[in-house]
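Colleague: Provided herewith is a single structure, encoded as structure tokens, for subsequent inquiry.
Derivation of every value follows stated rules applied to the coordinates shown; laboratory data play no part. Owing to the predicted nature of the structure, the values given are computational and were not obtained by experimental measurement. Here Cβ is always computed from backbone atoms with ideal geometry, including for glycine, and neighbour counts include all displayed protein chains.
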Amino acid sequence: MGGTRKKTQTKKRNVKAAHEDVDALVAVRVRAARLRAGLSKARLAERLGVSADQISLYEEGRSEIGAGVLVRLAAALDVNVIDLLPAQDEPRVRDDGGDLPLLVARLSEEGKVLLARVARVFLHEPALRQPRPR
């Protein structure tokens, strides 16, 4: 009987992790669509009738995006809802960054340039830098 409970708990954890992966990928896609549209967070927030802080929460994956909000986001960004959803074969998000090379390989040249810019900004934040070897 205890084995069945453990299997159920493991399955629930796996389902929760899969949902969190989808949420994280949607958040990344929303941000990318906003940037492609040339919109600031404030402008997108205005179109949605929410605060710029709420847009930040969506893009950082700290606020779940419900179906209704997703439809409104797609309209505000002038994209199809499907464009904000991950493909079934899209790799899962890993918190340890181990999937970074795979993700970078899938970027366009423009995406790689933008990612390099972001990385350079992060390097100016001491909390985000790895300590230098001595």
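Colleague: Kindly rank 41-49, 108-116 from highest to lowest mean number of other beta carbons found within 10 Å of each residue. The partial results should precede the final answer.
Modeller: Working: 41-49: 15.7, 108-116: 10.9.
For the peptides 41-49, 108-116, the packing ranking is 41-49, 108-116.
Colleague: Which shape class applies to segment 37-83: rounded if a/c is under 1.5, otherwise prolate when a/b exceeds b/c and oblate if not, where a ≥ b ≥ c are the square roots of the Cα gyration tensor eigenvalues?
Modeller: Working: a/c = 1.61, a/b = 1.10, b/c = 1.46.
Oblate.
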